[in-house]
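One structure below.
Laboratory data are not the source of any read-out in this text; all were calculated from the coordinates shown. Please read these numbers as outputs of a predicted model, since none were measured by experiment. Reconstructed Cβ throughout: ideal geometry from the backbone, glycine too, with neighbour counts over all protein chains shown.
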Amino acid sequence: MTIAAAPTTPHDSAKLRVHGLKRYFDVSAPWLNRVLEGRKRQLLKAVDDISFAIEPGKTLSLVGESGCGKSTVARCIVGLYRPSGGSIDFEGVDLATLRGRAAQAPIRRRMQMIFQDPFASLNPRWRVFDIIAEPIRAFRLLRGAGAIQRRVDELLGQVGLAARDGEKYPHEFSGGQRQRISIARALASNPDFLVCDEPTSALDVSVQAQILNLMKELQRELGLTYLFISHDLSVVYHMSDTVGVMYLGRLAEIRSAADLFSEPQHPYTRLLLETIPDLDVIGRHREPLAGEVPSPINPPSGCTFHPRCPLANERCRAERPELQPTAGGFVACHAVAEGRLPPHPAS
Amino acid sequence: MTKAVSDDLEIEPRLTPARRLVDGLRRFFDGDIWHSFKSSRITVVATVITLVIFLAALFAPLVSPSNPYDLATLNLLDAFTAPVWVDDTGAGFLLGTDDQGRDMLSAIIFGTRVSLLVGFASIFFAMVIGISLGLLSGYVGGLTDAVIMRIADIQLSFPAILIALLIDGVVRGVLPSDRHNDVAVWVLIFAIGISNWVQFARTVRGSCMVERNKEYVQAARVIGIHPIVIMLRHVLPNVMGPVLVIATIGLAVAVLTEATLSFLGVGMPPTRPSLGTLVNTGQNFLASGEWWIAVFPGLALATLVLAVNLLGDWLRDALNPKLR
Amino acid sequence: MAANQPLLQVNNLRIEFPNRRGTLVAVDDISLHIDPGEVLGVVGESGAGKSLTGAAIIGLLEPPGRIAGGEILLDGRRIDNLPYEQMRRIRGKEIGAIFQDPLTSLNPLYKISRQLVETIQTHTDMSATQARNHALDLLDSVGIPAASERLDAYPHEFSGGMRQRVVIALALAVNPRLIIADEPTTALDVSIQAQIIGLLRRLCRDHGTAVMLVTHDMGVIAETADRVAVMYAGRIAEVGPVEAVVKDARHPYTHGLMGSIPAVGHHVERLTQIDGAMPRLTEIPPGCAFNPRCPKVFDKCLAERPDLRPAGRTDVSCWLY
C-alpha cells in the first residue's frame, strides 16, 4: 500500500492531509511566438503528485535543493497558489470546496505562514503594531483599540520583544528581531498550524538558534503543528518528527526523522546527508556525488534521479518508482524495492 | 467597494495623531532626504521660488496690486504703459499695462493662479487614473494587464497637444458657443490629464509587480485580505516615491501644455487669462514695441516651470537609494 | 624572502566609512597572517567586517569605505598604499578573487575562452594558442565536463555550480599565490557546495596556493580551513587551528556560536543560544564589543578592550584569559 493509495478514513486524525498534490506552471513562450515559431506549450511540473499527512502537534519537514518544489507545496497549502490537481484537507475539510473569502476565512485564520526573508516580509511603511494587528483586524477577532492593544503587547512579549517595539518601523530591527515580528503576526490570529518557509535561512547561526528555540517553545506551549520547509538538513534534523525529501517535484523518501537520518535509503537522501559538514570530523575528505539537479522543464525519464544515481539500471531509466512502505515511512526507489541497495555505511 | 473592504480599511491609531505627527516630523528632519535637500543649494533656491509663486497665486486677491478681472477699475487711458524703469508715469504699474490698461503684474499673478489650477487639477486627474490602472495592471496581471497596457501604448502614440486639440474641438462642436468659455478650464484639465496618465500607470505597474511578489504582500494574502485593500494599503504606499517624482515633473509639463494650448487659442479665454493666454495676447504687440505684454508672462512661466523641474530632479535623486 | 615569513601579513588594519553623522569603524584594528599554501578561514555574522577585510586586501574596497590605519604586506611588501595600476597588476597575478555570485566575476558579453585567455595573456607572455590550451587545461582541472566544447560558451550557458567552477579557473589562471574567496559556495545548492569546497581544497593543495576563505558557514570552514579567525563587530574574537576553535573554543562568543549549530546525530531539545544580536556599527559598546551578550561578563569587559593573547591552543581577545 502506498501513501497515495491510503484511504482517508472519516475519523482521520491528521491535522493536514495532502493527497496527490500537483502544481504546474505554464512556462510557454508568449502566444505570438508560439504561433509564429511553431513552439509548443511547455509545462513546468513544480509539484508532481505529492501526498503526506501531518499529525496534530507534530512537525513535518520538506527538504530538497532549490527548484525541488518544496516552497511551491507550502504556497499551495496556504492558498497562494491554486493546485493544478490533488487535494488539501485541513482536519478533513477539502480546501478546494471552500469558495470565496468568507468561506475560507475560518481555515485561513488557523493556518498561517512564516516567510524566509525577514527584510521583505514586513511592510516597510507600517508600524510593527499595525503589522501584528492586521490579522486580528482582518478576522475581526477583537473589537476596540484597547483589546487589540493588549493582544499585540502580549504577542510581542511571547516572541521576546518589548511592547514599546510596536511603535517602531521594521527597519529599526535586526534580521532576527524581524523574524520574531513575523512570527508574532503569524500567531496573532491564534492559528494551530504554521507553514514555515525557510524561516532561518536568511539569519546568522547564533540568531538562527534563537528563532529555532522560540519556534520549539511556541509549539510546546500552543500545541502548534508545523510544516517546515528547509534546505538545511541539520536544522531539519533538529526540528522535525517526519521528514520528506523532495527531488524535482516528487517525494523521494518520507520517513520519521529518526529513521531517515540513521538509515537513509534513497540514494538521493544519502547524497544529501553526505553533504552535511560534520564539525566532529575536521578536514574530512569527502567524495561528493557528481552532477547537478536537471532542469525541471525537461526532467529525465523514469526515476528523475537516475542520471546522478550510482545504482541506476534500465528499469530506473524507464519506469517511475512509486512510494513503497519501508521502516518508518515510504521510499520511492527501484533499488530499495529490488533489494539492490547497499547498506548505509553509518548504520 | 463592499462592506468588508471598508471595514478592513479602518485604522485604529495607538498614538494620538499629534504625537504621530511630531514623531514623523522628527524622523523627517533627521532623515536622508532632508539632509540631501539642505546640501543642495539649487534645490533650496528652486523651492523658495516655487513657494513664492505658489503662495502669490494662492493669495492672488491679497497680494496683487489690482484685480485684473474687475472691468470697472480698468482705464483705457492707462493702456500700453511701459514698465516703471522704462517710462515712469507715476501710475504705479510696475510691469506696465496691456492694451486694455490692465496692470501686467496683477494679470501675471492671476494668470499664474489659473495656470497652476489647471496644472494641479490635471495632474491630480492623471494620477488618479494612472495609479488605479497601474495598480490593477501590475497586481492582477494577465489579460487585464495586457489590455490596459495596450491602451496605454495607443494613448502614447498620440502627442498630448493633439489629444487636447481633439477634445477641445469635440467640445466646441457639441456645446453652444456661449458656453465655451465656462467649460474651457474643465476641457483643459480633462485633456491634459488624459494625456498624462500613462506615465503614472507604467511606473506604478512596474513597481507594483515588484512589490506584489514581496513576502509582505504574500503575508497579507495568506491572511485573506481583500485584493483592493492590499493594493491600497500595502502596495500603494510603497510605490508612491516614483509617483511623487513624476507628479512634480508632470506638473511643470502640464503647466507648459496648458500655456501652449492657450497660446494656440484653444485654452483659457482672454476673459480669464492664464499665462499662456497672456503671452498670446502680448505677441500681437511685440512688433509694435510693447514687448512687456508678452515678455513678462513668458518669463513668469519659464521661471515657474524651471523651478518645479529642478525640484523634481532633486526629488528623483533623493528618492533613489542607489544614488544616495 | 625570509624562511618563515608569512605570505600575507595584515597589521592593525582599520577600515572606516565616513558619513554625515560621523565615522563608522567597520574593521577595528585587526591583525592576521596567512602562510604560503595555508587556508585561513574568516568566519563571522553578517556585518562583522569579514568581507571588508577581504576586499581591503585585494584593494577593492568600495568608497566611501577606506583603509584608515594599519598595513597589508604581501611577501613583506606593502600593498595597501600602491597606486591603482600597480595594485591591478598584483590583483590577478598574485592575488586571485572568488566572489559569492559567479555572475559578478564573469562578463556576460564575452565567451569563457576570451575571458580566460585575456587574463592569462595580461599576466604572462604566452602566445594566443598557448593561452588557449592553458585555458582548456584549467577548465579540465576544475571539473568541467567536455571542456573543449564548453570553452567557447557564454557564462549564461553554464549552471550556477559550473559558473563557480569557471570563476575558480579564472582565479587560478595565472597561478596566484593567494586567493581571497568571499562566500564562494553560499549561492549554491548543498550538493554542489560540497563539490566546490572539495575542488578548492584539492587545487590549492596541488598548486600550493594560500586561501583566505571568508564565510558565515562554520561547516565550510571546518572542512576546508587550516586555521580560522572568528570575527565579531569588526574585531577578531579568536584565531587558531580550526580543530581547536571548533572543539575547544575559549572565547564565549565562539563557544556560543559552536553550540548554536544544530548537529545531526546529537539530538537536543534546545540549542545553545547567544541572546541579542551583534551591535550595529553605530552602537558598538565600549570595552569588549561582545559584553552585552556575554554570559561571563565582568567589570573589566565594560571598560577596557581586550587584545588578542594566547589561551590554550588559540589566541583569544577576552579578559577571562
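Quick notes on this structure:
- Helix A:145-158 axis, angle to chain A major axis (alpha carbon atoms, nearest 10°): 50
- The alpha-carbon positions of chain C define a convex hull whose volume is 151 Å³ per residue.
- Ellipticity at 222 nm from helices only: DSSP H runs of n ≥ 4 in chain B, each -39500 (n - 2.57), divided by the residue count, give -22500 deg cm²/dmol.
- FRET E, pair A:Ser13, C:Ala153, Förster distance 56 Å, beta-carbon r, rounded to 0.05: 0.55
- Selected from C:Glu94, C:Glu223, C:Glu269 as most flexible by GNM, with chain C as the system and alpha-carbon contacts under 10 Å: C:Glu269
- Overall, segment C:117-187 carries a charge dipole of about 100 debye about its Cα centre when +1 sits on the Cβ of Lys and Arg and -1 on the Cβ of Asp and Glu, all other atoms neutral.
- FRET efficiency for the pair B:Met240 and C:Arg205, taken as 1/(1 + (r/R0)^6) with r the Cβ-Cβ distance and R0 = 56 Å, rounds to 0.50.
- The magnitude of the dipole of segment B:142-194, with charges of +1 and -1 set on the Cβ of Lys/Arg and Asp/Glu and taken from the Cα centre, is near 60 debye.
- Net charge in the neighbourhood of B:Leu74 (other residues with Cβ under 14 Å of its Cβ; Lys, Arg +1, Asp, Glu -1) is -4.
- Cβ-defined net charge surrounding A:Ser301, 12 Å radius [Lys, Arg +1; Asp, Glu -1]: +1
- Positive-end extreme of charge dipole, chain B - chosen from B:Ser157, B:Phe200, B:Ala18 (charges on Cβ): B:Ala18
- Helix-only mean residue ellipticity at 222 nm for chain A, each DSSP H run of n ≥ 4 adding -39500 (n - 2.57), per residue, nearest 500: -9000 deg cm²/dmol
- Cleavage-rule hits, trypsin sites (Lys or Arg not before Pro), segment A:62-119, DSSP coil, Cβ neighbours within 10 Å at most 10: A:Arg99
- Computed FRET value (nearest 0.05) for A:Gln104 with B:Val44, which takes r as the C-beta separation and R₀ as 60 Å: 0.65
- Cα centroid separation, segment C:143-203 to segment A:67-138: 39 Å.
- Quick note on the protein assembly as shown: its Rg to Rh ratio, both from C-alpha atoms and Rh being the Kirkwood radius, is 1.04.
- Radius 15 Å from Cβ of B:Ala252, net charge of other residues (Lys, Arg +1; Asp, Glu -1): -1
- In terms of its C-alpha gyration tensor, segment C:237-321 comes out oblate, because a/c is 1.5 or above while a/b does not outweigh b/c.
- Taking a quarter of the surface of the Cα convex hull of segment A:1-155 gives a mean projected area of 13.9 nm².
- Karplus 3J(HN,Hα) series, Hz, for segment A:90-105 with 6.51 cos²θ - 1.76 cosθ + 1.60 (x for Gly, Pro): 9, 6, x, 9, 6, 4, 5, 7, 8, 9, x, 5, 5, 5, 7, 3
- Global size of chain A: 21.6, 68 Å for Rg and Dmax (C-alpha atoms, Rg to one decimal, Dmax whole).
- GNM flexibility winner over chain A from A:Ala14, A:Ala162, A:Ala202 (Cα, springs under 10 Å): A:Ala162
- Placing unit charges on the Cβ atoms only, positive for Lys and Arg and negative for Asp and Glu, gives the protein assembly as shown a dipole magnitude near 1180 debye about its Cα centre.
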